[in-house]
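These notes concern the structure reproduced below.
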Amino acid sequence: MKKHIQNVTDWIDHRLPIFSFMKHQSEYQAPRNLSYLWSFGSIAGIALMIQIITGIFLAMNYTPHVDHAFDSVERIMRDVPYGWLMRYTHAVGASMFFIAVYCHIIRGLYYGSYKGPREILWWFGIIIFLTMMGTAFMGYVLPWGQMSFWGATVITNLFSPIPFIGEDIRTLLLGGYSVDNAALNRFFALHYLLPFVILGLVVIHLIALHTHGSNNPTGVEPKSKKDTIPFHPFYTIKDFVGFGVFFLVFFYFVFYYPNTLGHPDNYIPADPLVTPAHIVPEWYFLPYYAILRAVPDIIIPGTEIILISSKLAGVLAMFGSILILFILPWLDRHPVRSGRYRPMFKWFFWLFIVNAIVLGYMGASSADGTILGISNVVISQVATVYYFAYFLVVLPVLSKVEKARPVPNTIHEAKGGH
């Protein structure tokens, strides 16, 4: 019996090497010191699959038309069997996906996972992140509530200040000159398509990962078999523990607080004649929204001539805050990869994380407000300056002046081996 099964698997594998691929996965050697922080990549993959599966179900019952979109969402919630569960799982799943990816990025920033020879691996990670942002924005428009409509209006208007081509890009994106039925159809089509694009990018990301292997907390490359262990069963078990914790948090929100991470105005049908008091994007866009609002007009020194309007400067700063990650491997040239052995880097890094949280809070706050007598706009401007200074000033300077603590020669040595 075993011989017949082996013959069948050999026949299939010769034509489609799925069994060889599974064997490679099970025998893949990973650094022996990976912590649970390395589970966030797998968790993000699970979150992506949940989004695709629930998204397909929702698409079967959704009507992409401005007169019916809001009602079709209500029908999914009220009349479709388990529609409420699919909708809440999809909505909360978007936030959980971003949480996993943000943790994955933060871990990479701290442990220097962007440094050579993993630059292309890092690039594809950022491309996945950008594609996620586009997908999430378009998905937020589909319920056609108040915040959906006005969020789409604000975001698509960001292209207008771009010289020469801005209005053309906006018109192409909307299919017209305003956020209307053509725009909703385009966003629905792209929102359905892009998750599969992300899935393809993830495959390329994994191929790049397996080329040079995972980074690890020491930042030291494996030098012998003592430094590695098989990915299966050691890290598959570890990943499943991470999945368990992730699903506990995920479904706690799904069943008890499904609307906490959303905006209540989106339960009001879209009305082009009524502007919400405070238009805000989803929470995972808030730091970039704060950067967008923080940048003032750039004028020629000594004059009142505006060189770059605040609207265009804000758009450039917002997109630049993400695009700067592509050149990060060349901004941080310190020979030590891991932040564990860089005492000065640690302080600036955690200040950067706190600064990002401040930007998120400012993005959710009114531009007219104050904290301890300080204008929210001023706080946002200071936080924006530090955000860019961290990449353009702090990391290049630390690369030259910081003296790192001794780094172990091997992973085995760092784990207490001799």
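The values are calculated or read from the model by the stated rules, or taken from the named source; none is laboratory data. All of these numbers come straight from a predicted model, not from anything done at the bench. In this analysis, Cβ positions are derived from the backbone assuming ideal geometry, glycine residues included, and neighbour counts consider all displayed protein chains.
Matching residues to (1) under 22 Å from Phe246 (Cα atoms); (2) modelled with pLDDT under 95:
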position: Gln25; (1), (2): no, yes
position: Asn33; (1), (2): yes, yes
position: Ala44; (1), (2): yes, no
position: Gln51; (1), (2): yes, no
position: Phe57; (1), (2): no, no
position: Met60; (1), (2): no, no
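Quick check on my filter: what residues within the range 49-78 are assigned to a helix (DSSP H, G or I), over 15 Å from Tyr267 (Cα atoms), of a type in the set (S, T, N, Q) and free of Cβ contacts under 8 Å to residues at least 40 places away in the same chain? Outline the logic, then answer.
Initially, the range 49-78 is screened for residues assigned to a helix (DSSP H, G or I), giving 49-59, 69-78.
Those left that are additionally over 15 Å from Tyr267 (Cα atoms): 49-59.
Going one step further and asking which of them are of a type in the set (S, T, N, Q), we end up with 51, 54.
Matches in the range 49-78: Thr54 only.
Please enumerate the residues belonging to the range 162-184 that are touching a helix residue (DSSP H, G or I) at 6+ places or on another chain (Cβ under 7 Å) and either of a type in the set (Ser, Thr, Tyr) or part of a helix (DSSP H, G or I) (or both).
Arg170, Leu173, Leu174, Tyr177, Ala182, Ala183, Leu184
Could you tell me which residue of the range 334-367 is surrounded by the most Cβ atoms within 10 Å (Cβ to Cβ), considering only residues that are over 18 Å from Met318 (Cα atoms) and touching a Pro at 6+ places or on another chain (Cβ under 7 Å)?
Here the residue is Ser338.
Taking the criterion of being of a type in the set (Ser, Thr, Tyr), part of a loop (DSSP other than H, G, I, E, B) and either touching a residue at least 12 places away in the same chain (Cβ under 8 Å) or on the phi > 0 side of the Ramachandran plot (or both), would at least one residue in the range 258-265 satisfy it? Talk me through it step by step, then tell me what you get.
Let us first name the residues in the range 258-265 that are of a type in the set (Ser, Thr, Tyr), namely 260.
Filter once more, keeping what is part of a loop (DSSP other than H, G, I, E, B): 260.
Those still in the list that are either touching a residue at least 12 places away in the same chain (Cβ under 8 Å) or on the phi > 0 side of the Ramachandran plot (or both) too: none.
So far as the range 258-265 goes, no, none of its residues is of a type in the set (Ser, Thr, Tyr), part of a loop (DSSP other than H, G, I, E, B) and either touching a residue at least 12 places away in the same chain (Cβ under 8 Å) or on the phi > 0 side of the Ramachandran plot (or both).
Gly134 - would you say it is of a type in the set (Gly, Ala, Ser), more than 18 Å from the chain's Cα centre (by Cα) and part of a helix (DSSP H, G or I)?
On the way: of a type in the set (Gly, Ala, Ser): yes; more than 18 Å from the chain's Cα centre (by Cα): no; part of a helix (DSSP H, G or I): yes.
In short, no.
Any residue in the range 276-296 that is among the basic types (Lys, Arg) sitting within a Cβ distance under 8 Å of a residue that is not in a helix (DSSP H, G or I)? List the pairs, counting only those 6 or more apart or interchain.
Every condition considered, the pairs that remain are Arg293/Ala367.
Taking helices (runs of 4 or more DSSP H) that do not extend beyond the range 268-384, which have at least 2 residues that are touching a strand residue (DSSP E or B) at 6+ places or on another chain (Cβ under 8 Å)?
Working: elements: 286-294, 310-323, 328-331, 343-364.
The qualifying helices (runs of 4 or more DSSP H) are 310-323.
Return the residues of the range 382-405 that are surrounded by 18 or more Cβ atoms within 10 Å (Cβ to Cβ) and more than 19 Å from Lys346 (Cα to Cα); say none if nothing qualifies.
Correct list: Thr384 only.
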